[in-house]
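The block underneath contains the structure these notes are about, expressed in structure tokens.
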Amino acid sequence: MGKVVVVTSGKGGVGKTTSTAALGAALAQRNEKVVVVDFDVGLRNLDLIMGAERRVVYDIVNVIQGDAKLPQALIRDKRLDNLFLLPASQTRDKDALTPEGVEQVMADLKRYFDWVICDSPAGIERGATLAMRHADMAVVVTNPEVSSVRDSDRIIGLLDAKTMKAERGERIEKHLLLTRYDANRAERGDMLKVEDVLEILSIPLIGIIPESSDVLRASNIGAPVTLADAKSAPAMAYFDAARRLAGEDLPITIPGEKRGIFGKIFGRKAA
Amino acid sequence: MTKVLTDARSIRIKGRSFLAVVLSPDLPLDQWLVQLDDLAARSAGFFLGRPVVLDVSDLAIDRAQLKALIEDLAQRNVRIMGIEGARPSMMEPGMPPLMKGGRPAADFEVEEKEPQPVSETRNSAPDKPVVQEQRQVTQSIVISEPIRSGQSVIFPEGDVTIIGSVASGAEIIAGGSVHIYGALRGRVMAGSVGNASARIFCRKLEAELIAIDGVYKMAEDMDPALLGKAVQLWLEGDVIMAETLF
Ligand SMILES: Nc1ncnc2c1ncn2[C@@H]1O[C@H](COP(=O)(O)OP(=O)(O)OP(=O)(O)O)[C@@H](O)[C@H]1O
Ligand SMILES: [Mg+2]
């Protein structure tokens, strides 16, 4: 049985879709079967970032409504044969996703894939709660600024209350992914410090992704940054984050600072 | 013929208790309303969705003034669920119902002692007669995880202990004292059912609002020297006192 991961944040525009694509492609490069699922019905983006927008025939809503079979809706990546996309519908509204339908799709995907990575819409409404509902683990994407941190805190509360795991009395594994980290602004003190974010959210950190024009460049060519330019700084940070997600224990580095110092303090595991 | 009530399904009537916020205005009322506006302005949504009871027990006002007060509150979106302590002559049809039997949480009548250094009390006078402390059973809950933004913990029955932080946008409402083994960034209301001896303790004070027995303090009213420190807060008369711990 595969693992279901939700990539979520509360706040919009923090890098969920970028991270879903980058982590999905990074895990697929470890020879695991991966599907990335777009839950952002009405505002889908993941197809663009994956470079699959012209190949979308059916989407998750069609599958839920019985107009298409799941395998018909899955799009295989052109570069990696073990990476798939299940797109969202751009024309329907988010009410087209029913809880029963989502449950069935997740159960089916878990049987075929090692990783099912769900790109959540922003907000705390239905779309976001449906995306997290069946997750085993969550990647909470946060930018180092107060509004993003507070929204992430709210989302963590929902993860502990509204997911199937939580309702069964189990704990959902939560990981913090700090994105758009700007070393220059951090030095000037214009951003929250990494340790302050960790102190407020108190969930384990799986990576710090630097702010970088490589991300924009990758999205312009329709490729996850971990496929577009595997040697770029954001790609390397995403590769490490993917390894940590898969359970490896690596020291964490803050972009622009010396290697490894953080590993000792924050590399520990907890949930 | 006697009717036998057999097949008619009986109506289920259940009891349920809610924790109401009690507003006790002081005279002059216009000045009190200014203070209320101040609280509301700095703490949007304070009364939203909460049952509010107006306590007029010690207030020398007549029916017309009470009516005007209820209207003034309604204009501020404070909807009164009931009135406590009003004389029948103050009431008229259309006003929120007169409520009786509001139950404050068990008050402690224990005298505050001056804290003494542990080393002194340790071995001194071992055969001093043991003072039988009068105790009531207080309930308490311990929550061993952080309270996240948007979550509230409401425990009118007694003390609340949080092993973890209370986030900005989270709130704790306790009938008794509140202990936070972490940072307090949200709001805490201790002694919320009329317990002036309740206290608030936290490892790191960065609160948005704290209140004890209805006396409140907003972030900007707090002494900057206390911010970020381990602090305890208590009530002396109508004033919230604070001191750093350790
Ligand atoms: N590390 C980064 N460096 C520079 N730009 C980034 C980085 N991460 C994301 N971005 C940019 O930020 C914008 C928002 O990213 P993305 O679409 O991934 O966010 P999102 O959280 O999915 O947004 P939404 O809430 O709207 O779905 C995009 O333009 C993306 O290119
Ligand atoms: Mg997105």
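The values are calculated or read from the model by the stated rules, or taken from the named source; none is laboratory data. Here the structure is a predicted model, which means the values were calculated and not measured. Heads up, the Cβs are rebuilt from the backbone with ideal geometry, glycines too, and the neighbour counts pull from every protein chain shown.
Could you give every pair whose Cβ atoms fall below 7 Å, whose first residue belongs to the stretch B:149-168 and is away from every other protein chain (no Cβ under 11 Å), and whose second residue is part of a loop (DSSP other than H, G, I, E, B) and of a type in the set (Val, Ile, Thr), counting only separations of at least 6 or pairs across chains?
Partner pairs satisfying both residue conditions: B:Pro156/B:Val193; B:Gly158/B:Thr138; B:Asp159/B:Thr138.
Being under 29 Å from A:Glu53 (Cα atoms), part of a loop (DSSP other than H, G, I, E, B) and more than 16 Å from ligand 2 (Cβ to nearest atom) narrows it down to one residue among A:Ala135, A:Ala88, A:Ala107; which is it?
On the way: A:Ala88 fails: more than 16 Å from ligand 2 (Cβ to nearest atom); A:Ala107 fails: part of a loop (DSSP other than H, G, I, E, B).
It is A:Ala135.
Taking A:Asp160 as meeting all but one of (1) closer than 26 Å to A:Val105 by Cβ; (2) of a type outside the set (Val, Ile, Thr); (3) in a loop (DSSP other than H, G, I, E, B), write down the number of the exception.
(3) is the only condition that A:Asp160 fails.
Considering A:Asp59, A:Asp47, which residue is more than 11 Å from ligand 1 (Cβ to nearest atom), more than 14 Å from every other protein chain (Cβ to nearest Cβ) and under 15 Å from A:Arg79 (Cα atoms)?
Numbers: A:Asp59 fails: under 15 Å from A:Arg79 (Cα atoms).
Matching residue, one of A:Asp59, A:Asp47: A:Asp47.
Among the residues of the stretch A:6-32, what is the count of those that are crowded, with 24+ Cβ neighbours inside 10 Å and either away from ligand 2 (no atom under 11 Å from the Cβ) or among the basic types (Lys, Arg) (or both)? Let's see the steps before the verdict.
Kept after step one, since they are crowded, with 24+ Cβ neighbours inside 10 Å, are these residues of the stretch A:6-32: A:6-10, A:14, A:16-28.
In the following step, the residues that additionally are either away from ligand 2 (no atom under 11 Å from the Cβ) or among the basic types (Lys, Arg) (or both) were identified as A:6, A:10, A:16, A:22-28.
Of the residues in that region, 10 qualify.
Given the criteria assigned to a loop (DSSP other than H, G, I, E, B), of a type outside the set (Lys, Arg) and more than 26 Å from B:Ser192 (Cβ to Cβ), does B:Glu92 qualify?
yes
Against the conditions (1) within 13 Å of ligand 1 (Cβ to nearest atom); (2) modelled with pLDDT under 95; (3) within 14 Å of chain B (Cβ to nearest Cβ), where does A:Ala88 fall short? Just the number, please.
So the condition that A:Ala88 fails would be (3).
For the stretch A:3-46, what are the residues that are modelled with pLDDT under 95 and not basic (Lys, Arg)?
Result: A:Gly10, A:Asn31, A:Asp40, A:Val41, A:Gly42, A:Leu43, A:Asn45.
Name the residue, out of A:Leu192, A:Leu198, A:Leu178, that is away from chain B (no Cβ under 14 Å) and under 22 Å from B:Ala170 (Cβ atoms).
Values: A:Leu192 fails: away from chain B (no Cβ under 14 Å); A:Leu198 fails: away from chain B (no Cβ under 14 Å).
Only one candidate passes the filter, namely A:Leu178.
What are the residues in the stretch A:115-131 that are within 25 Å of A:Ala26 (Cβ to Cβ) and either within 14 Å of another protein chain (Cβ to nearest Cβ) or surrounded by fewer than 21 Cβ atoms within 10 Å (Cβ to Cβ) (or both), if any?
Listed by number, the residues that qualify are A:Ala122, A:Ala128.
Go through (1) touching a strand residue (DSSP E or B) at 6+ places or on another chain (Cβ under 8 Å); (2) part of a loop (DSSP other than H, G, I, E, B); (3) at pLDDT 85 or above and name the single condition B:Arg50 misses.
Among (1) touching a strand residue (DSSP E or B) at 6+ places or on another chain (Cβ under 8 Å); (2) part of a loop (DSSP other than H, G, I, E, B); (3) at pLDDT 85 or above, B:Arg50 violates only (3).
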